[in-house]
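**Q** First the structure, then my questions, so here it is.
The values are calculated or read from the model by the stated rules, or taken from the named source; none is laboratory data. Predicted model only: the values in this text are computed from it and were never measured. Here the Cβ positions follow ideal geometry from the backbone for every residue, glycine too, while neighbour counts run over all protein chains shown. These area figures cover heavy atoms from the full protein model, side chains too; ligands, DNA and RNA do not enter into them. Shrake-Rupley method; radii C 1.70, N 1.55, O 1.52, S 1.80 Å.
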Amino acid sequence: MTLIPVADAQSRLFILTPPLPCENAPLRQAAGRWAAADVLAARTQPAADLSAMDGYAIRFIDLPGPWRVVGESAAGRSFAGTVGPSEAARIFTGAAMPEGADTVLIQEEAARNGDALTLTGEGPAYVGRNTRACGLDFHEGDRLIEAGQRLTPARIAVAATGGLANLPVRRRGRVAIVATGDELVPPGAPLTGAQLPESNGAMLAAMLADLPVDVIDLGILPDRLDALTAAFVSVECDLLVTTGGASVGDHDLVQPALKGAGGVIDFWRIALRPGKPMMAGRLNGATVLGLPGNPVSAFVTAILFVRPVIAHLCGAADPLPQTSTIILGEDLPANGPRTDYLRAAVRDGRAHAAAIQDSSMLLTLARATCLIVRPAHALAARAGDSAEILTLS
């Protein structure tokens with residue numbers, strides 16, 4: 001069977017998976033989600049000309065003074081009068097500029113004696129100095145956030161300032177996670193014989209913690225077709241992620257269980273290392289990703305496929321992980337026909353690949369700060385060459 005390139009598998013996965021329905025979410029519940037539509041300002045910011053400094057609102061034409069102080073303007077409590085010739089109003093940062101005034105003389109360059117005000121410094125150099133013009137940040141109707149952008153804290157803030165209490169988003173996703181294998185026991189449980197602590201479930205839940213999804217833990221299922229099929233039939237989710245049993249060995253039962261539950265396989269076997277046996281399909285309106293049971297392989301395929309498909313489900317305009325370029329710390333051999341993701345650590349600005357890349361070695365993954373991406377058939381690389389990396393948080 002021909003192996004599917006990583007980029008082709010990602011594209012097919014996005015075609016396979018429709019985005020979730022839209023809803024409006026309060027600002028505090030929208031953080032970390034993606035805008036489902038353009039977000040437009042409902043007001044102008046600032047809504048009036050404001051002072052950018054503490055000082056005195058004056059007419060620029062009246063420089064170099066002197067002036068008579070006729071009132072005061074503070075944030076939320078504006079001066080109701082007008083500043084006329086040779087007049088000034090005491091003003092504070094964020095306060096509205098009084099009618100007639102066009103410039104702020106900062107208090108460090110002024111001396112006041114009662115209502116008499118004189119210039120002690122150079123004074124403002126131009127009309128409008130030390131002010132913020134109405135609409136300096138944005139105007140009503142301006143686009144504040146583009147559809148598909150993630151709702152970061154700064155974007156939440158600009159939406160709030162734009163007069164919006166709710167934002168259009170996709171509803172939260174439901175991700176079911178199940179580990180398969182007779183050899184697996186819960187972490188911390190007593191071990192006998194060849195049993196192993198199950199680590200993929202906790203790892204995947206941690207990898208999704210910053211995403212707008214609710215995780216459904218299906219626990220550990222045995223290598224029995226009836227048990228797997230029953231679990232697949234009953235689960236209600238938007239994305240079902242299995243680990244282990246996705247290949248075609250005698251004990252690899254995820255594919256037949258998926259088909260027995262009424263699902264279909266869309267593609268299987270990816271041209272990457274580690275993680276070649278990954279499988280994708282559909283079941284009862286949900287996308288299914290069958291990850292390898294090897295924890296390092298499960299981690300890499302989760303980076304490349306699970307997180308991106310969740311971002312796609314939730315409306316991200318660019319759901320793929322972003323790479324960057326770095327200098328290699330040592331030579332790397334030529335690569336074979338699969339894209340390789342090497343665990344590495346960045347030291348002194350260079351990426352140093354772990355000496356042993358065996359996919360069973362979780363400690364090597366835990367110590368890695370990035371994955372060096374080696375394209376299929378890449379030529380041998382020298383220390384000092386540039387390389388593409390995926391940074392691990």
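**Q** Being hydrophobic (A, V, I, L, M, F, W, C), closer than 30 Å to Leu27 by Cα and in contact with a Cys (Cβ under 8 Å, 6 or more places away or on another chain) narrows it down to one residue among Ala48, Ala157; which is it? So that I can check it myself, show each step before the final result.
**A** On the way: Ala157 fails: in contact with a Cys (Cβ under 8 Å, 6 or more places away or on another chain).
Ala48 is the lone residue from the list that is hydrophobic (A, V, I, L, M, F, W, C), closer than 30 Å to Leu27 by Cα and in contact with a Cys (Cβ under 8 Å, 6 or more places away or on another chain).
**Q** Among all residue pairs at least 6 apart or on different chains, which show Cβ distances below 6 Å where the first residue, located in region 285-296, is open to solvent by 10 Å² or more (accessible area, probe 1.4 Å) and the second is among the aliphatic types (A, V, I, L, M)?
**A** Pro292/Ala298; Pro295/Leu362
**Q** Let me ask something else. Across region 111-139, what is the total count of residues that are within 12 Å of Leu63 (Cα to Cα) and in contact (Cβ under 8 Å) with a residue 40 or more places away in the chain?
**A** Kept after step one, since they are within 12 Å of Leu63 (Cα to Cα), are these residues of region 111-139: 117-127.
Those left that are additionally in contact (Cβ under 8 Å) with a residue 40 or more places away in the chain: 117-119, 123-124, 126-127.
Final tally of qualifying residues: 7.
**Q** Might you let me know whether region 173-189 holds any residue that is under 22 Å from the mean Cα position of the chain (by Cα) and open to solvent by 50 Å² or more (accessible area, probe 1.4 Å)?
**A** Yes: one or more hits.
**Q** Still on this model: Report yes if some residue within region 5-19 is open to solvent by less than 30 Å² (accessible area, probe 1.4 Å), of a type in the set (A, V, I, L, M, F, W, C), in contact (Cβ under 8 Å) with a residue 12 or more places away in the chain and outside any helix (DSSP H, G or I); otherwise report no. Spell out how you get there, then give the answer.
**A** The initial filter retains those residues of region 5-19 that are open to solvent by less than 30 Å² (accessible area, probe 1.4 Å), namely 6, 9-10, 13, 17.
From what is left, the residues that are of a type in the set (A, V, I, L, M, F, W, C) are 6, 9, 13.
Filter once more, keeping what is in contact (Cβ under 8 Å) with a residue 12 or more places away in the chain: 6, 9, 13.
From the residues that got through so far, the ones that are outside any helix (DSSP H, G or I) too are none.
Checked against the condition, which is being open to solvent by less than 30 Å² (accessible area, probe 1.4 Å), of a type in the set (A, V, I, L, M, F, W, C), in contact (Cβ under 8 Å) with a residue 12 or more places away in the chain and outside any helix (DSSP H, G or I), region 5-19 yields no hits at all.
**Q** Is there a residue in region 67-78 that is open to solvent by 60 Å² or more (accessible area, probe 1.4 Å), over 19 Å from Gly135 (Cα atoms), modelled with pLDDT of 95 or more and over 49 Å from the mean Cα position of the chain (by Cα)?
**A** Yes, there is a match, as at least one residue in region 67-78 is open to solvent by 60 Å² or more (accessible area, probe 1.4 Å), over 19 Å from Gly135 (Cα atoms), modelled with pLDDT of 95 or more and over 49 Å from the mean Cα position of the chain (by Cα).
**Q** So which pairs qualify, if the first residue must be in region 160-175 and over 29 Å from Ala302 (Cα atoms) and touching a residue at least 24 places away in the same chain (Cβ under 8 Å), the second must be assigned to a strand (DSSP E or B) and among the polar types (S, T, N, Q), the Cβ gap must be under 7 Å, and the two must be at least 6 apart or on different chains?
**A** Pairs found: Thr161/Gln45; Gly162/Gln45; Asn166/Asn24.
**Q** Of everything in region 120-134 that's surrounded by 17 or more Cβ atoms within 10 Å (Cβ to Cβ) and touching a Pro at 6+ places or on another chain (Cβ under 8 Å), which residue is nearest to Gly162 (Cα to Cα)?
**A** Filtering region 120-134 for residues that are surrounded by 17 or more Cβ atoms within 10 Å (Cβ to Cβ) and touching a Pro at 6+ places or on another chain (Cβ under 8 Å), the one nearest to Gly162 (Cα to Cα) comes out as Arg132.
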